[in-house]
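Asker: Mind looking over this structure? Questions follow.
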Amino acid sequence: MNNIFLLNDYITNGFRIEFVDVIYLISILFGVLTIVSRNPIVSVLFLIGLFVNIAGLLILVGCNYIGLSYILVYVGAVSILFLFILMLINIRISELLSETNNDIPLAVLTVLLFYYIIGQVLPSNLTDNTIVSSLSNSFSEVYNVQLDNEFLNMVNLKHEIAYASSKSWDSSLVEFTHITGIGNIMYTSYSLWLIISSVILLLGMVGAIVITIKQK
Amino acid sequence: MLLSSIFCLLLSNALSFRRDTAILYSRIGIIALFYCIYLSYNNLFITYLDNGIGLFSGLFYTSSITQVFHILIFIISLLILNMTGFYPRKLISSEYMSFSKLLFTKLQFVKNLTVSNIILKKGEQYTILEYTLMLFFIITGSVLLISSSDLVSIFLSIELQSYGLYLLCAMYRNSESSTSASLTYFLLGGLSSCFILLGIALIYANLGVTYLDSFYVINNLAGIVNDQEITTYIPYCLLLISVGFLFKISAAPFHFWSPDVYDGIPTIVTTFVAIIAKISILTLLLQLVHYTNSIYITTSYSWTTSLLVSSLLSLLIGTILGLTQFRIKRLFAYSTISHLGFMLLALTINSVESIQSFIFYLIQYSLSNLNAFILLVAIGYSLYAYNDKNINHNNLIDKNNSPIQLISQLKGYFHINSMLALSLTITLFSFAGIPPLMGFFAKLMVFSAALQEGFIFITLIGVLTSVISAVYYLYIVKTMFFDGHSYTYFNKLKDLKIPALILQKDKIVNKIYFDSKFALSSSLSITISILTLIILLFMFMPNEWLHMTNILSIILFVPSSI
């Protein structure tokens, strides 16, 4: 029984850690290219590539719904809108060129400072003394031990579990889809957030009309 | 109530075709705000609310502090709506003053085209239908922000509030400066929202918690149990969030946008933008700082010390840069920054007395700032009938929306309208902290709270900067009272008679002529006089306010009794 479950997990949720690294590298490359490229249209195309890449990452990690909606919203709507606007407003590329490199040290300094501060905060860097990681580590160890006792004859079990997403433990309790989960949460306990965000959207619509309407 | 009135207004806005009915919408807004005040006053059970009750499964909460600040926000936005709800000037005629005539006869003006350019000169604020609607969106956002007790609802409501504010700034589309100011505001506000979001995401990634209550519990327990090793990264997250908030309230290291924005947008909008956002965010910070004060980064350095740094910088920058300003709204922006320094100081100390002084300072500063801006608007209205000889003043950008822009435009204003000049003087003295006025007591309370907790250096800085800032307040007073003015009354208006007919049951009874004595309309003058009298006469009945602030701060500190 458990064997089947693990196999199932391997097919749907599991991923090789190397793929994630490859995706990280590609997305960093796309991000840099988005900033560096002179032509705004090319830059937007790289942005689209970045979005697709990250959507793939999300799907691989297990957030299927978020990944799909990422493609739908960002790639399908926002970036295409960017592309259309850029094609419509006819920017000359020569205006965008700047010859000064004075701001590079500042940029490097900012990035280093930011990374120094944030790097302390990111949970992955503090593998040993955070509450969450220690909790999750202990949880997964217990899990491993149990499995080891039950399936001593299985080869390479620890290796296989290592790439299952250990922190999203709730998905392994009950196997329901993400859309169901999101719907369950959004329409029950967090329904007020839904209302507030709908009010924000209403405000955005009204505001766009107010700013652009032709007054008599 | 707010939401339903928003929808009603939206519907009627969409259906109405006439642009000149905007004034009526403002009046409807005033009525709705009265009802909101009544509702939140009705819910203010200080004994039962105790430390606060969670609403909507803990996403929001209500306590006496939130209720009181709701009422404050409603009152202030009511007074701001009052500026657009009524026409700014009126004509007085002694023949038409008796009650019987007022009640039973109707007045009809005979159209006179040569005059109408000046007399019927309407600001753009009377043609924007959606102004009240936007205001209501913003008020909804700030009310929700004050009473939110969950990180995500904080973010949602702060976004609701700030989108409304950006739109409000951009609403006067005919003026170039207000559009550019709105764009600045939008970009920097978006940046600060990113900071807030990053902080929230890091907190969630580290603790897996978005409820503020459980967040506080985890922090304070972890601080006791594990020698503060667990929580080393939490202060950084909180710092990121508070950087976002400081951006939004334009405290010192992040203040660069506020003078430009305040200067660019019309004065009526400036009033709203400068006050409402600060009240809501500072109240939220009060809650946040109070409950996370005991988290230390190292053994003696809690994250609120960074707020103290921001307060020190605000004090210094607000006063010193304010000295060089010659545009009056930029000056007000810098004075706001220095006053924020005082408020942040009181916030950071976090003792019973300092929280009391913080609440008092916030209330009194919002009221007197409101008074200062309303006075600017009123002075602008009262100068419509005058011709300015000074050439420099004639080619100011965007003169229709914010008529008073330079301090030198106020030269000798005392000789034109002495009462308005006196009121402005009283308000400025209250800013500067001259003893019998309200601002003095607020500063005194902050300083005594700071001294009690041993913050001697920053108290010294506070005293020094408030002395320095008195220089520029007194400079305005000096230009108003002792300089000669360059205004002349319009010749056309001097011997102008405005014909009007008095009708009784559609029969012409009498024909009278108004001479061109324009007075400020009673809505403006009543608002100004009430606010000025509050500032002036606070020392005679301070008990109510002080007791209220005292009760609120004690409630925050005493653990729940039930």
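Asker: Give, ordered by residue number, each residue of segment B:161-185 whose 1.4 Å probe accessible area is reduced by a minimum of 50 Å² on adding the remaining protein chains to the chain alone.
Answerer: Correct list: B:167, B:173.
Asker: What is the interface area between chains A and B, defined as buried accessible area summed over both chains with a 1.4 Å probe, reported in Å² to the nearest 100?
Answerer: Approximately 3200 Å² gets buried when A meets B.
Asker: Show me the three semi-axes of the equivalent ellipsoid for segment B:133-255, from the C-alpha gyration tensor (sqrt of 5 times each eigenvalue), largest first, rounded to whole Å.
Answerer: Numbers: eigenvalues 222, 48, 18 Å².
Semi-axis lengths for segment B:133-255 are 33, 15, 9 Å.
Asker: For segment B:199-215, which residues drop by 40 square angstrom or more in accessible area between the chain on its own and all protein chains together (1.4 Å probe)?
Answerer: Residues shielded by partner chains are B:202, B:206.
The values are calculated or read from the model by the stated rules, or taken from the named source; none is laboratory data. Keep in mind that this is a model prediction, so the values were computed, not measured. Protein only, heavy atoms only, side chains kept; ligands, DNA and RNA dropped before computing areas. Shrake-Rupley method; radii C 1.70, N 1.55, O 1.52, S 1.80 Å.
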